[in-house]
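Please read the structure below before turning to the comments.
The values are calculated or read from the model by the stated rules, or taken from the named source; none is laboratory data. Keep in mind the model is a prediction, meaning the values are calculated, not measured. No Cβ is skipped: glycine too gets one built from the backbone with ideal geometry, and neighbour counts run over all protein chains shown. The protein model used for the area step is the full one, side chains on, heavy atoms only, and it has no ligands, DNA or RNA in it. Shrake-Rupley method; radii C 1.70, N 1.55, O 1.52, S 1.80 Å.
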Amino acid sequence: MTQRRVIFAAVVLALAVVIGGTALLVSQRNGIRESVGTVDIGGPFTMTAQDGAIVTEQDLIGHPSLVFFGFTYCPDVCPSTLAEIAGWLDQLGPDGDALEVYFVTVDPARDTPELLGSYVGHFSPRFVALSGSQAQTAEIAASYKAYYKRIELGEGDYTMDHTAAVYLMDVDGHFFDAITFQATPEKAVAKLRRLLAAT
Amino acid sequence: MTLFSHICLAAALVVGQSHAASAHDYAAGAISIIHPWIAEPPPGAPVAGGYLTIANDGDTADRLVEVMADFADRSQLHRMIPSDEGVMQMRPLEDGLEIAAGGVVVLEPGGIHIMFMRPAVPLREGDSLAVTLVFEHAGAVEVEFRVQATEPMNHEMDMEDDALDDHDDHMDMEEGS
């Protein structure tokens, strides 16, 4: 009798751990995509825009913002995402006028402010490109929990692994939501409308 | 791919069998190369992405092992590695790209692509660039990549997406000539 009880308790405990653990894992993963305020994204940074202006986290306050990390030696994801963002803004029209879009380079060694200016300018005159020293880049990435890493391609070439989500920040400069790389324009624009409605 | 895409592909293959290349297709033995294109990069961008569809009508697998372009300092085949954490990882296809017997491989934004590094000329919509594709069995094929505006990504690659098909019709591209 006692032995059965012990086994039963052990099974219940094991199940609880599995269920609880799964719930925690799921909520953590969903947190970065769907929730408001449960993930600590956003924080201090000091970067330079393409026109030489200094931009800090204070400059995000007063308008909703999109923040995306990438680099210009990126043949596919970064240009595609910037083109997508431009498409979202077109769809929003004047409703989205208050949105500021920031493209943050994770590759300041190659991405100068001048190059960044012409790069993002190709997609929209509204985009702001931010760059900084390696230390400043590390700081902004840490604030946004954005991952990046240099990967060698041989012959002196390299690419950067990087977080591809577009971060939505509200008028107070706080994290609102994220649009993942795979999101359809419909989903993305819906999230942007919610961001704008929360203004 | 949708049924429509399959029909377009079949049509392209039928047409592409002859060496008189139609519209924008090429043939080399059992291999058909359909609509090679480059996404127009921002001016001065150090890299550009190249895409195309490859069909293998033969009984044995073939492999695209090399891409050579005079206009670019270096060309490499890359794939995107999916990641749960939303981290973009691009890796070279060290052994090239296999096309199974009877198979079709589509290189498209967000998936497999050719990275053309340090183009020596500006790449603007409408331009055509000569590129040689080298296949293990089919050999070297010279094709022209057409520069066109960045295409929307194929969002049907996302499992959790609802069934909106706005972006899946990539076979539309081959009709432009």
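With all protein chains present, calculate the accessible area of A:Met160 using a 1.4 Å probe and round the result to the nearest 10 Å².
20 Å²
Round to the nearest 10 and give me the degree value, 0 to 90, for the angle of helix A:77-92's Cα axis relative to the longest principal axis of chain A.
Helix A:77-92 sits at roughly 80 degrees to that axis.
Got a number for the accessible area of A:His174? Probe 1.4 Å, square angstrom, nearest 10.
Its heavy atoms expose roughly 110 Å² to the probe.
Return the inverse of the average 1/r over all pairs of distinct C-alpha atoms in region A:82-199, which is the Kirkwood hydrodynamic radius, in Å to one decimal.
For region A:82-199, the Kirkwood estimate is 15.5 Å.
I'd like the interface area for chains B and A: accessible area of each alone minus the complex, both sides summed, 1.4 Å probe, protein heavy atoms only. What is it in Å² to the nearest 100?
3100 Å²
How much accessible surface area, in Å² rounded to 10, belongs to the heavy atoms of A:Val39 with a 1.4 Å probe?
Roll a 1.4 Å probe over it and A:Val39 shows about 40 Å².
Could you work out how much longer the chain between A:Asp172 and A:Ile7 gets when fully extended? Use 0.36 nm per residue separation minus the Cα distance between them, nm to one decimal.
54.1 nm
Counting other C-beta atoms within 10 Å, and keeping those with at most 16, which DSSP coil GluC sites (Glu not before Pro) do you find in region B:75-138?
B:Glu85, B:Glu94, B:Glu125, B:Glu136
At a Förster distance of 30 Å, what's the computed FRET efficiency of A:Ile54 paired with A:Leu92, Cβ-Cβ distance as r, to 0.05?
0.60
Taking only the alpha-carbon atoms of chain A, what semi-axes of the equivalent ellipsoid follow from 5 times the gyration tensor eigenvalues under a square root, in whole Å, largest first?
Equivalent ellipsoid semi-axes, largest first: 37, 22, 16 Å.
If you average the alpha carbon positions of region A:66-136 and of region B:95-138, how far apart do those two centres end up, in angstrom?
Computed from Cα coordinates, the inter-centre distance equals 26 Å.
For region A:99-159, what is the accessible area per residue in Å² when the probe is 1.4 Å?
I get 41 Å² per residue for region A:99-159.
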